[in-house]
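Worksheet: one structure, shown below.
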Amino acid sequence: MMTSWQNQDLQQLQITHLEQLLTRTRTLLAEQGWNRLVIYSGHAHPHFADDQSAPHPGYGHFLHWTGLTGLSDSWLEITQDHPPRLFCYAPEDYWHATPTLPEGALAQIMRIEPIKARGWPLEQVAEVGSTVVVGDIESLSIPVEKSHCNPRSFVSALNALRIHKTAYEARCTLEASRLALMGHRAARDAFYQGGSEFDIHLAWQKGTQQSESDAPYHSIIGLNEHAGVLHYQHYQNQTPQTLNSLLIDAGVRYRGYCSDITRTWAALDQPRFAALINGLDQLQQKLTQEVKPGVDFVELHDKTHQGVALLLQASGLIKGQITTEAIVETGMTRAFFPHGLGHFLGTQVHDVGGLETASGQPVPPPQAHPALRLTHTLEAGMLLTIEPGLYFIDSLLASLRNGPMSQHLDWSLIEALAPCGGIRIEDNLWVTADGAENLTRASDHGLGVGQPEV
């Protein structure tokens, strides 16, 4: 069933989002003694000794306001007394297409002014002493004291404004999830048609109608053992002689907001691996059902390890007389599940604020789980991922093979499943007043995991 925020007019949701953001930002400025905030979009940086640059997606705080990905050398001014002003860099350029000025909700809330030259756009300097500037500005010449540029306390407080998402932000993420799942479906089909990693990558792009430079992150597309490399970064253009598995971790940007979704598939002649995928999927869905206000995310991560331990026992990977608690306490689950359960999501894939308080005080992950990117107690409005995994990684399994717990592992089964690499199942969730809405499953339409239904 569609909830009310999913049925509302998108432009009206954006207007409400901008009005709320303006109120919250003005309050923050007053609390910290500033009269004006200037946010820089950022710009592309050329590679060393080269005239080519990497794609520039945009600074997260600039996108929080505008959603204008890829817009460089632009500025946003927020004051206490006047409507925000958006200075869009739109030069007369025959080398590149000139950006078009935004319309709709942005034009209703902001004054939009084109600028023809790079650099500081504000003519008046009377209030420079009470101006705070954030963004990638180190290489720029601006009439503001260095101490007013990216002050840590202010940036931390600004980060905190992005922790609780509005209905507009959730709606954008929902649409980004819907588009991404079209790509996941195309990728799944390409896998079962015998495609290489590169073939699957092309199928993903065609399915999402998104160029590689527009993606929120480099898609992870791993066949067989490559599925066990957590951030596998290559696309082999030759199909392996034997296809065992596919892990695809890929998302889409929509109006600046990212989806981040992972699915894992088993070849039709890999029923045991398919069963393991289904088991992890069941665990993942149980974890998503526990997401609600008041839940300590570190404790939920600990529950994930208990669930992984049970799955290792149920699948026969761990055998003998050993308790679930002992499996976790001895570090056995960490060899199979070495990363964190999830992270904040927004205009950045690993969105800000997950490991600090609103005042900028660090809240580090526990020593046993150093890769955890989120340590908050969950609250309504938070947008996050839930992504348990189970992998066969030689360097991590070696410590078990050579240690006292080796007797409890079925090494022949591990060796049989190791050519499949690993499993990760990842959904995007928006925390509500009494639970959470799974934005990914709402758009799934029976895609599933493991193996396609025959």
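The values are calculated or read from the model by the stated rules, or taken from the named source; none is laboratory data. Bear in mind that the values here come from a model prediction, so they are computed numbers and not experimental data. All Cβ positions, even for glycine, are placed from backbone atoms using ideal geometry, and neighbour counts span all protein chains on display. All accessible areas refer to the heavy atoms of the entire protein, side chains included, with ligands and DNA or RNA removed. Shrake-Rupley method; radii C 1.70, N 1.55, O 1.52, S 1.80 Å.
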- Message: With both bridge residues required to lie in the chain, what share of the DSSP beta bridges run antiparallel, to the nearest 5%?
- Response: 75 percent
- Item | For region 296-357 and region 164-240, distance of Cα centres in Å | 24 Å
- Task: Could you please report the charge total around Asp302, scoring K, R as +1 and D, E as -1 over all other residues with beta-carbon less than 15 angstrom from its beta-carbon?
- Result: -2
- Item | Per residue solvent-accessible surface (Å²) - region 135-228, probe of 1.4 Å | 41 Å²
- Note on the structure: Heads up, region 240-371 by the C-alpha gyration tensor (a ≥ b ≥ c square roots of eigenvalues; a/c under 1.5 rounded, else a/b over b/c prolate, else oblate) looks oblate
- Query: Could you give the accessible area per residue of region 368-454, probe 1.4 Å, as a whole number in Å²?
  - Reply: 39 Å²
- Item | Ala380 paired with Leu140, simple spin-label distance in nm, labels 7 Å along Cα-to-beta-carbon | 3.8 nm
- Task: State, as an integer percentage, the relative contact order of region 48-114 based on alpha-carbon contacts under 8 Å between residues 6 or more apart.
- Result: 25 percent
- Could you work out the relative contact order of the chain, using alpha carbon pairs under 8 angstrom and six or more residues apart, expressed as a whole percent? 16 percent
- Using a 1.4 angstrom probe with every protein chain in place, what is the largest-first accessible-area order of Tyr168, Tyr254? Tyr254, Tyr168
- Task: Tell me the label-point distance for the pair Asn35, Phe198, using the 7 Å Cα-to-Cβ offset, in nm and rounded to one decimal.
- Result: 5.9 nm
- Task: Please report, largest first and rounded to whole Å, the three semi-axes of the ellipsoid equivalent to region 376-454, where each semi-axis is the square root of five times an eigenvalue of the C-alpha gyration tensor.
- Result: 34, 19, 9
- In whole Å and largest first, what semi-axes does the C-alpha gyration tensor of region 249-326 yield when each eigenvalue is scaled by 5 and square-rooted? 27, 21, 8
- Query: Rounded to a whole number, what % of the accessible area of region 188-343 do carbon and sulfur atoms account for, probe 1.4 Å?
  - Reply: 46 percent
- Task: At 0.36 nm per residue, minus the direct Cα-Cα distance, what do Thr23 and Trp411 gain on full extension? Give it in nm, one decimal, please.
- Result: 133.8 nm
- Item | Net +/- balance of residues flanking Ala187 in space, Cβ distance below 11 Å, scoring K and R +1, D and E -1 | 0
- Please calculate the 1.4 Å probe accessible area of Thr323, with all protein chains present, and give it to the nearest 10 Å². 80 Å²
- Shape call for region 109-253, from the Cα gyration tensor axes a ≥ b ≥ c (a/c under 1.5 means rounded, otherwise prolate when a/b beats b/c, else oblate), comes out prolate
- Task: Could you tell me how many degrees, from 0 to 90 and to the nearest 10, lie between the Cα long axis of helix 167-192 and the main elongation axis, the longest principal axis, of the Cα atoms of the chain?
- Result: 40 degrees
- Rounding to the nearest 20 debye, state how big the charge dipole of the chain is about its Cα centre with +1 on each Lys and Arg Cβ and -1 on each Asp and Glu Cβ. 380 debye
- Positive minus negative residues near Ile221 (Lys, Arg vs Asp, Glu; Cβ under 10 Å): -3
- Task: Please work out the C-alpha center-to-center distance from region 26-88 to region 128-163 and express it in whole Å.
- Result: 10 Å
- Item | Per-q log10 I(q)/I(0), region 52-175, q = 0.16, 0.22 Å⁻¹ (Debye; single scatterer per alpha-carbon; no solvent) | -0.94, -1.67
